Structures are given as C-alpha cells and as structure tokens.
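**Q** Dumping the structure here so I can ask a few things about it.
All of the numbers you see were taken from the coordinates with simple rules; none came from a lab. Remember, it's a predicted structure, so these values are computed and weren't measured experimentally. Positions of Cβ are backbone-derived with ideal geometry, glycine not excepted, and every protein chain shown enters the neighbour counts.
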Amino acid sequence: MKHLRTAMLVTALATLVFFTACSPPQGPAGRVVDKDRAYFASSKIWRYRLTTETAQGQRTEFRVPGSAYKRCYIGSAYPQCTQVDR
C-alpha cells in the first residue's frame with residue numbers, strides 16, 4: 001500500500017512538472033491588438049496566439065494557453081487580462 005501511494009505521488013509530481021514546462025512563456029506587456037487561433041486536425045490540438053503593442057508601438061506575437069486567449073479581448077491590457085481576479 002505504501003508503494004502505491006509513493007507511485008501515485010511521483011506520477012502526480014511528474015505530471016505537474018510536465019505541464020508547467022510545456023506552457024508557453026509569458027509575452028510582453030501591452031495592449032492586445034490581435035488574436036489568432038489555429039486547429040491542427042492531425043494532432044487534434046489548438047494553437048492560440050495574441051499580439052500585443054507597447055506604448056512605443058512595438059508589436060509582438062506570441063503563443064498563449066487557451067485560458068489566456070479566452071480571457072483577453074482586443075483592447076485589453078496583457079498580462080492583466082489573464083488574471084482570474086480582475
């Protein structure tokens with residue numbers, strides 16, 4: 001029974017590390033000026049992208065998780081729009 005608990009704990013930790021390492025890095029702060037999503041049927045995976053613009057006019061496109069894509073609308077401030085408690 002102790003080995004089963006240990007195995008379950010190791011599996012849970014490995015899963016947490018895997019999903020933490022696989023999330024895209026956070027993009028630069030700015031106003032969201034564009035959103036894009038693409039579905040890849042071969043792998044059944046969605047890819048989400050936001051484009052932000054800084055006060056100096058620099059635009060950057062970057063990948064985001066689906067939750068950030070859904071919360072951030074065009075004109076919102078990134079990364080504040082990704083936070084649940086707004």
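**Q** Does Y73 meet the test of being assigned to a loop (DSSP other than H, G, I, E, B) and either in contact (Cβ under 8 Å) with a residue 24 or more places away in the chain or in contact with a strand residue (DSSP E or B) (Cβ under 6 Å, 6 or more places away or on another chain) (or both)?
**A** Against the criterion (assigned to a loop (DSSP other than H, G, I, E, B) and either in contact (Cβ under 8 Å) with a residue 24 or more places away in the chain or in contact with a strand residue (DSSP E or B) (Cβ under 6 Å, 6 or more places away or on another chain) (or both)), Y73 qualifies.
**Q** Can you tell me which residues in region 48-73 are of a type in the set (A, V, I, L, M) and over 18 Å from A38 (Cβ atoms)?
**A** Listed by number, the list holds a single entry, A55.
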